[in-house]
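Heads up: the structure comes next, in structure tokens.
The values are calculated or read from the model by the stated rules, or taken from the named source; none is laboratory data. Owing to the predicted nature of the structure, the values given are computational and were not obtained by experimental measurement. Positions of Cβ are backbone-derived with ideal geometry, glycine not excepted, and every protein chain shown enters the neighbour counts. Accessible surface areas use protein heavy atoms only, side chains included; no ligands, DNA or RNA. Shrake-Rupley method; radii C 1.70, N 1.55, O 1.52, S 1.80 Å.
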Amino acid sequence: MTSRPIAWLVLTVLATVSLAMAMQSCSTTPTSAGLAQGCSINSDCNSPLVCAFQRCHQQCSESRDCPMNEQCLSDPKTGTLACRLPDEVACGAAGACAGGLVCGGGSDQTCKNSCTMQSDCKVAGQTCDGRTCNDVPATDGGSDSSPDTGVDSSADSGNDVTTDAGCSFEGGSDAGPLGYNPSNFDPTALAVVDGGLVDGGINWVTPPDVNIITNCGYMCMPAPSATIRLSDNSLAQLFVVHDFIIQSNSSLTLTSAAYTYPIIIAALGKVDIQGDLIAGGGIVGVDQAGPGGNPEYGVSTAHGMGGGGTGFLGVFINSASGGGGFCGTGGMGAGMAPLAPGGGVYGTADLVPLAQGSSGGSTIREGTSGGSIQISARTSITIRNIATINVGGGYHDINGGGGGSGGALLLEAPTIAIQGRVAANGGGGNDRFFDSTNATATDQPAPGGGNGGKGSAAAMINGSDGVVGDAGPNSYGAGGGGAGRIRLNTWCGAATIAPTAVISPSVAPATTCATQGTIRH
């Protein structure tokens, strides 16, 4: 089945705003410092000003206590609540903010408190969108409880969405032909061609009772609707479908052999995973990462941003390799110093942009990373109780190769229900005699081979270090792979996670590698 053609226009808005902050030296007279002047403690400021971000501010409990256009912020170091100063609003030219604040995403290039969950927002009336704390918009006063878009209901955009559970929200006039705003790309850049997306979307269902790993593989996917460019200028392959359904007893396997870039699936209706979605490193042929993962297919030197150090070669000639890192660090290789390090931590909790996992180090072929996938749906996402999504890391050779990190999985819909297993664990490390194992969609770590370190799983987000055995260099163990990232964005309350469901790495606050946020509207 082929997809309808989609015309793609990349719309880029570059906002460059300079930030000049002249930090004043702290006054030696306790009450002499005025608004915006430097301070160390509250008594340095003229009463009733308070000291926050090392300057005197007007105190507040919520943003309506502040002058026009000044948001109430919490100083991450002291917890003091203070009104943002005018020269603290805009992000710097490099997108940086002072005082531990972060730059808002999209068109909102203002400095705010960072967050990964609601409890991180200390100011009354603010909510966490998974990245920053934002003031809750006023409602329109009508029976519709969704935030006011600033457009009178008589001029409705026609993008109202009602979910299977009866929850509704307005897609907004900027939602384009999808009718909602997915992360990582602008839906208004999608053109309506040849009958339109909404009326002509693909209703794709995998064939039942087919072992896709051996008989079908990636050929079960339709052709991509477009190759798009993300906010960090990297590429992704976009699939626009109607309903995305993997039937029970069916599997869909996606590898870097077919998809060298991360995959974004945008559903006009619902997503229903009843079988298995496999995008893990090493699942099909031990030398293939998941889609967009590392090493890139056919390019064994591409390790990714958190690639593990290569052992038994160069600087680390007397050490096994390190495991790949992503949200968790890779384990260190064992041997004689200098030891090959595990890969470090990178990326953002909200997976904007959609980052890729990294491979472990190796002298032959690397432990491959899990894939990078975003699945966005207009109404709902359901992961059934016998279903799995696996974007875990893999392993490769028995020559002291490090395990690959877990990949990235971003799910977003008004409602998400997880009854089955969703995992982005790291692969196990090897030594020169024994194979390790690929990560599985469970809360159990992938075992290392021989003296190799375990991969990450559950609350253990870092790969384990390899150990030295009693057979000399042949028993030097490689490090296991670190955890990938999982993100769940919803609108109608938090994701529903069944008591028997497995999400690994564990959901926040147990770890920071599986987080929840709010879908854009």
Notebook entry, point to check: Within the stretch 251-269, can you find the residues that are under 18 Å from the mean Cα position of the chain (by Cα), closer than 24 Å to Ser358 by Cβ and hydrophobic (A, V, I, L, M, F, W, C)?
Noted result: Ile263, Ile264, Ile265
Next item on the list: Kindly provide the set of residues from the stretch 416-459 that are under 18 Å from the mean Cα position of the chain (by Cα) and of a type in the set (S, T, N, Q), ordered by number.
Entry: Asn425, Ser456
Margin query: Could you list, ordered by first residue, the pairs with Cβ atoms under 9 Å in which the first is in the stretch 312-328 and open to solvent by less than 20 Å² (accessible area, probe 1.4 Å) and the second is part of a loop (DSSP other than H, G, I, E, B) and of a type in the set (Asp, Glu), at least 6 apart or interchain?
Written below: Ala320/Asp431; Ser321/Glu366; Gly322/Asp465; Gly323/Asp465; Gly324/Glu366
Next item on the list: Specify which of the listed residues (Gln237, Gln247) is within 24 Å of Pro414 (Cα to Cα), at pLDDT 70 or above and open to solvent by 40 Å² or more (accessible area, probe 1.4 Å).
Entry: Gln247
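Matching residues to (1) closer than 15 Å to Ser506 by Cα; (2) among the β-branched types (Val, Ile, Thr):
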| residue | (1), (2) |
| --- | --- |
| Ser405 | no, no |
| Thr415 | no, yes |
| Arg421 | yes, no |
| Gly429 | no, no |
| Gln444 | yes, no |
| Gly452 | no, no |
| Gly463 | yes, no |
Note to self: Please go through the stretch 496-514 and give me each residue that is of a type in the set (Gly, Ala, Ser) and either open to solvent by 60 Å² or more (accessible area, probe 1.4 Å) or assigned to a strand (DSSP E or B) (or both), ordered by number.
What the structure shows: Ser504, Ala510, Ala514
Next item on the list: State whether the residues of the stretch 95-111 include one that is modelled with pLDDT of 80 or more, hydrophobic (A, V, I, L, M, F, W, C), open to solvent by 30 Å² or more (accessible area, probe 1.4 Å) and part of a strand (DSSP E or B).
Entry: yes
Checklist line | Enumeration of residues in the stretch 477-513 that are of a type in the set (Gly, Ala, Ser) and either in contact with a helix residue (DSSP H, G or I) (Cβ under 7 Å, 6 or more places away or on another chain) or within 18 Å of Ile389 (Cβ to Cβ) (or both) | finding: Gly481, Ala483, Gly484, Ala495, Ala498, Ala501, Ser504, Ser506
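Can you pull out the residues in the stretch 247-277 that are under 19 Å from Ala417 (Cα atoms), among the hydrophobic types (A, V, I, L, M, F, W, C) and assigned to a strand (DSSP E or B)?
Start the filter on the stretch 247-277 by keeping residues that are under 19 Å from Ala417 (Cα atoms), which leaves 247-248, 265-277.
Then drop every residue that is not among the hydrophobic types (A, V, I, L, M, F, W, C), which leaves 265-268, 271, 273, 277.
Once the filter is applied, which keeps residues that are under 19 Å from Ala417 (Cα atoms), among the hydrophobic types (A, V, I, L, M, F, W, C) and assigned to a strand (DSSP E or B), the stretch 247-277 yields Ile265, Ala266, Ala267, Val271, Ile273, Leu277.
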Next item on the list: Just one of (1) open to solvent by 10 Å² or more (accessible area, probe 1.4 Å); (2) part of a strand (DSSP E or B) trips up Gly304, so point out which.
Entry: (2)
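If you go through the stretch 53-80, how many residues are among the aliphatic types (A, V, I, L, M) and more than 16 Å from Val102 (Cα to Cα)?
So in the stretch 53-80, the residues among the aliphatic types (A, V, I, L, M) come out as 68, 73.
With the extra rule that they be more than 16 Å from Val102 (Cα to Cα), the set shrinks to 68.
So the answer is 1.
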Check: If the Cβ limit is 9 Å and pairs must be 6+ apart or interchain, which residue in the stretch 253-270 that is closer than 15 Å to Leu410 by Cβ pairs with which residue that is of a type in the set (Lys, Arg)?
Finding: Ala266/Arg378; Ala267/Arg378
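Anything in the stretch 244-283 that is of a type in the set (Gly, Ala, Ser), in contact with a helix residue (DSSP H, G or I) (Cβ under 8 Å, 6 or more places away or on another chain) and under 26 Å from Asn385 (Cβ atoms)? List them, or say none.
Step one: filter the stretch 244-283 for residues of a type in the set (Gly, Ala, Ser), giving 248, 250-251, 256-258, 266-267, 269, 275, 279-282.
Still in the running and in contact with a helix residue (DSSP H, G or I) (Cβ under 8 Å, 6 or more places away or on another chain): 250-251, 257-258, 266.
Within the stretch 244-283, Ser250, Ser251, Ala266 meet the criteria.
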Checklist line | Qualifying residues in the stretch 460-489 (those that are assigned to a strand (DSSP E or B) and crowded, with 24+ Cβ neighbours inside 10 Å) - the one farthest from the chain's Cα centre (by Cα) | finding: Tyr476
